[in-house]
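So the structure is just underneath, and the comments pick up after that.
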Amino acid sequence: MEQISTSAVNDTQLVEKARGGCADSMNKLAEQVQDVLYSYIYRMTLDANLAYDIRQETLLEMVRSLKNLRKPESFRPWLYRTAWCKLQQHFRPKKNRAHMSLNDKKHIMELLDRKCRDGLKELISKEIAESLVAGLSDLSTKHRSVLVLRCYENLTFSQISDIMNCSEVSARVLFCRAKNKLREKLSRKGVTKALFLPLLGLFGQATVPSESTVAAIHLTASTLRAGTVASVVAAITSKIGMSLLSLLAGLALIFGSVTSTKTIFEPQENNLLSRNSIKSFHFVRQAWDQAHVPNANLLMGKSLSKGAYEQWYFFPDGIDGPMFSMKQRWNPQMSAKLCGWLQDGSGNYYYHSGKKTIYMYNHPLSSKMTMRLPTDSIEFIEFLDRMEGPDEGNEYIRDPETNLLTGIVDKRFFNAINFKSDITYNKLDEKQFGNFRHQWPDDCPVVDERDALHKQGWGICQITGNIRGVGIEGFYRTPFIYDKLQRYPPFLKLRFGDQILIDCPRGSLILDSNNKVLRSYPAGTFLKGLLRPWMGIHTVDIIRRDAAEKRIPFTTQKLNYQGFYYEKMIISLSNNNTQIIYNINIENNQIDKIQFKYAEDSSLASLGTLEITFLQDLPDDEDMFEIGDVRINSPAKYKNKLWLFDLAEGTLVLR
């Protein structure tokens, strides 16, 4: 591995002479660094021709700008920073990805095979080597850069922070996340932890110039360590970037008193195309919860707002997919910040400004009324109004062409008179959302209140019961957070009578006892009305929104009030003469039981029950999540009512 420290003296002497106008020293300096510079750039671009071009541009910039280097002893980090800037200029319009040509891939694979020692050849197959190359090429440039600088260029985190223009803590956290992302990509291909270090070392050996005098790559376990603090921060940051990067970094606090009354993002003119084109939106709402505010706060027939909630939402997979959100609570006049919430790919966080403590929860936010979004249709909102009552006191402004909400005027509060908020769409992409930093105090403790399964990030539940005397048994795997969705996608399998129901990424299927497909529907059809906690929406809202989508009447009953939340909720769905009753554990964000009933002569009689129990000891059998060589017919959309009603009424297959 290139040891910067051992060459620092020679570098310094040559730099000082080159800065003084010595052409021979400048040439020697360029000759001395060209190989390590090429190795870094090649590992970043995975393109030999491009690496040579960017190396040449970097060396030319070195010649032009060396006179501006104030500290000759910092030459190497300065040179890498110059190369990093050149790389950013190249990758920025290409969405931060390196695309390897077939020739370069073939060349690297040949080098990996040639430099793989006999002992490793028995462990590292061609497929594993290809997985490594693919995994590295799929990393963002920031993640690949911090890995290369740390593992192959042997730079300290302080030097890396200078190169990548971030704090040292940020560099450590970025390294943790890059390492974890690569490990996760490789683990999907069957690469064990024991092979991770040898594979990285092998790649380093294979990507040095053949004529290079660069020292051999010697990676050790200590190289991959970034420190305890960085590991903790990396563990609670999101897929979408470094939303909580400054949690422990000691940056400026944003939850203290401020004088500006402006929101974080100034409202801008919307350019709405259609609902399906929306990736993000931002707005502010005043809030008053009657359950939490005593009657003494009512004044002159109007209520006091308990705060303005500024909200950001981002949809990484489209408007109907998983949802990330951030909420900043202000005072009603938006002149001082209070508590904050974050729901991203890694979990759910709440910053208590009074206690100066960050809490991690099992579940996203929930409320007594169903979550309503600016992207919901007029018909959808009108149905919710009929079920739960209208949101009185608010005037909603819609775009006349798309019918999407563009603004809200709140007339409920005398201490925030006619509070108007514009709704802005698509002003945040994934990078911007991830880089928006709620810089919570670096010295506040983190209290992890998640249970063991939610800390793991995914779980498997057993489903048992009967409907109309027919036994039902099966299981359901669910990721609790978005970051586990790809590695542990949802998989539902139920056996009822002589038929099998499956929902997996390949589709939703109903099979007979011989595994013949009787019906097929789009993937996710049988997840409707069930757990989908990775969506970033609490289960109570998922159930109610699924019902509203099908225009199925529902009621909500809240049980066991604990001062700030209810422990359980009962949601009842009604369709003709059939009822589906959900028993939902609010704290665990889980469905405990689903009861099926029908109404005859105004009396309820049971049709059956499904018990849902999460397993504490998870089975180690990946085959249970495979459907084998099943031929899937062209899927048709599941029409009319929720599939659970058809299951209860015995008409599921007939649909």
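Of all residues being in contact (Cβ under 8 Å) with a residue 40 or more places away in the chain and assigned to a strand (DSSP E or B) in region 353-396, which is nearest to residue 559 (Cα to Cα)? Just the residue, please.
For region 353-396, the residue satisfying everything is 361.
Considering 323, 334, 360, which residue is more than 23 Å from residue 485 (Cβ to Cβ), touching a strand residue (DSSP E or B) at 6+ places or on another chain (Cβ under 7 Å) and either surrounded by 20 or more Cβ atoms within 10 Å (Cβ to Cβ) or not assigned by TED's automatic domain parsing to the domain that holds residue 527 (or both)?
334
Test each condition in (1) within 25 Å of residue 206 (Cβ to Cβ); (2) modelled with pLDDT under 85; (3) not hydroxyl-bearing (Ser, Thr, Tyr) for residue 20 and report the one that comes out false.
(1)
Quick grid of which residues meet (1) at pLDDT below 85; (2) more than 32 Å from the chain's Cα centre (by Cα); (3) of a type outside the set (Lys, Arg):
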position: 29; (1), (2), (3): no, yes, yes
position: 34; (1), (2), (3): no, yes, yes
position: 41; (1), (2), (3): no, no, yes
position: 60; (1), (2), (3): no, yes, yes
position: 76; (1), (2), (3): no, yes, no
position: 84; (1), (2), (3): no, no, yes
position: 87; (1), (2), (3): no, no, yes
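Examine region 565-572 for a residue that is modelled with pLDDT of 90 or more, on the phi > 0 side of the Ramachandran plot and in contact with a Phe, Trp or Tyr (Cβ under 9 Å, 6 or more places away or on another chain), and state whether such a residue exists.
No: zero hits.
In region 620-648, which residue that is touching a Ser or Thr at 6+ places or on another chain (Cβ under 6 Å) and farther than 27 Å from residue 487 by Cβ is surrounded by the fewest Cβ atoms within 10 Å (Cβ to Cβ)?
Here the residue is 633.
How about region 330-346: which of its residues are among the polar types (S, T, N, Q) and either in a strand (DSSP E or B) or in contact (Cβ under 8 Å) with a residue 40 or more places away in the chain (or both)?
Hits for region 330-346 are 333, 335, 343, 346.
When residues of region 322-379 are filtered for being touching a helix residue (DSSP H, G or I) at 6+ places or on another chain (Cβ under 9 Å), farther than 24 Å from residue 177 by Cβ and acidic (Asp, Glu), how many remain?
Final tally of qualifying residues: 1.
Output the number of residues of region 610-627 satisfying the condition of being more than 21 Å from residue 496 (Cα to Cα) and charged (D, E, K, R).
Qualifying residue count for the region: 4.
I need the full set of residues from region 270-295 which are part of a helix (DSSP H, G or I) and at pLDDT 55 or above, in order please.
275, 276, 277
Going by the conditions given, is residue 577 more than 24 Å from residue 346 (Cα to Cα) and out of contact with any strand residue (DSSP E or B) (no Cβ under 9 Å at 6 or more places or on another chain)?
Here the answer is no, as residue 577 does not meet what is asked.
For region 417-455: of the residues being of a type in the set (A, V, I, L, M) and at pLDDT 80 or above, which is surrounded by the most Cβ atoms within 10 Å (Cβ to Cβ)?
The residue in question is 423.
The values are calculated or read from the model by the stated rules, or taken from the named source; none is laboratory data. Since the structure is predicted, the reported quantities are computational estimates derived from the model, not experimental observations. Reconstructed Cβ throughout: ideal geometry from the backbone, glycine too, with neighbour counts over all protein chains shown.
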